[in-house]
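Structure first, commentary second.
The values are calculated or read from the model by the stated rules, or taken from the named source; none is laboratory data. Predicted model only: the values in this text are computed from it and were never measured. All Cβ positions, even for glycine, are placed from backbone atoms using ideal geometry, and neighbour counts span all protein chains on display. SASA here: full protein model, heavy atoms, side chains in, ligands and nucleic acids out. Shrake-Rupley method; radii C 1.70, N 1.55, O 1.52, S 1.80 Å.
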Amino acid sequence: APGMPQAEDLALNPKSLEASGPFKSSSPIAQPRVFIPVFPGSHGEYELAQAFEGQGAVVDFRVLQNRTPEVLQDSLRKMAQDISQCQILALPGGASLGDEPDGAGKYIAGVLKNPYVMDAITELIQKRDGLVLGLGNGFQGLLLTGLLPYGKYKDLDETSPALILNPLGRPISKMVRTRIVCGPSPWFPSSTLNTITTLPISHPQGRFVTTKATLVSLMDAGQVATQYVDFDGDPSMEPHHNPYASQGSIEGITSPDGRILGRMGHPE
């Protein structure tokens, strides 16, 4: 498509920006509270909770109830209350509502755009120094709201990044190697830069695509968080190492301030 990066553009390396010291919340708390919403079709919430609890956090769940429109609205209001009381919002992976309607992450994005939930998330990231994490389907939902890569709710256009159907046209499940390459972010202390981790992926729609200008902008701003890498630790477009053929070998990105993180893989 016009404006999309060509093969020679895909090997671009993001800039490694130096962290400006340890990140500290403006509202410190001894035991951070993590809220994990559970959507129809999501999974991995228990592993995600264990990962946070292993770091000393308190984790709360809420299953989104959608039996009737009235029940759904009540559930959304309660979810907004949960977000208003947490320091971290973590969106698990899966196939929310069977990846319908028409593509992955749209159901999660619809929930995130609910006025109650939108107000709570905006307050979390703009007034309370909160963090947001989206994995797999959760990452897709964040992209569809504009929270990634813009750090705020935004209407999307032709320059906005997206996660589309894999080149093989079907789900791809395997282990991949990823390297932390991002700039300053509370999710990645400076000591983790260049750390390589092997983790699982399993999605039908995991191919990260955007325009050349947006790709270069993300890399220059230090918003490329993690990349698929080969056995030498270098970004790769080889299907064995980058099975989704993601542009720029991108596996995860952050918001401009680094506090919102989305990843295609499952480090939990």
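General observations
- Any hit, region 137-156, residues being assigned to a strand (DSSP E or B) and more than 20 Å from Arg259 (Cβ to Cβ): no
- There is no residue in region 4-11 that is in a helix (DSSP H, G or I), out of contact with any Lys or Arg (no Cβ under 9 Å at 6 or more places or on another chain), open to solvent by 90 Å² or more (accessible area, probe 1.4 Å) and at pLDDT 95 or above.
- Residue within region 183-203 that is open to solvent by less than 70 Å² (accessible area, probe 1.4 Å), within 30 Å of Lys127 (Cβ to Cβ) and touching a helix residue (DSSP H, G or I) at 6+ places or on another chain (Cβ under 9 Å) present: yes
- Selected residue (criterion: nearest to Ile253 (Cα to Cα)) from residues of region 150-172 that are open to solvent by 60 Å² or more (accessible area, probe 1.4 Å) and in contact with a Pro (Cβ under 7 Å, 6 or more places away or on another chain): Leu165
- Yes/no for Gly169 being on the phi > 0 side of the Ramachandran plot and touching a His at 6+ places or on another chain (Cβ under 6 Å): no
- Residue check, Asn242 surrounded by 24 or more Cβ atoms within 10 Å (Cβ to Cβ) and either aliphatic (A, V, I, L, M) or in a loop (DSSP other than H, G, I, E, B) (or both): yes
- When we screen Leu163, Leu148 for residues that are modelled with pLDDT of 95 or more and aliphatic (A, V, I, L, M), the only hit is Leu148.
- Just one of the numbered conditions (1) assigned to a helix (DSSP H, G or I); (2) open to solvent by less than 30 Å² (accessible area, probe 1.4 Å); (3) free of Cβ contacts under 8 Å to residues at least 40 places away in the same chain is not true of Val59: (1).
- Taking the criterion of being within 23 Å of Pro243 (Cβ to Cβ), surrounded by fewer than 20 Cβ atoms within 10 Å (Cβ to Cβ) and modelled with pLDDT of 90 or more, the residues of region 204-213 that qualify are Val209, Thr211, Lys212.
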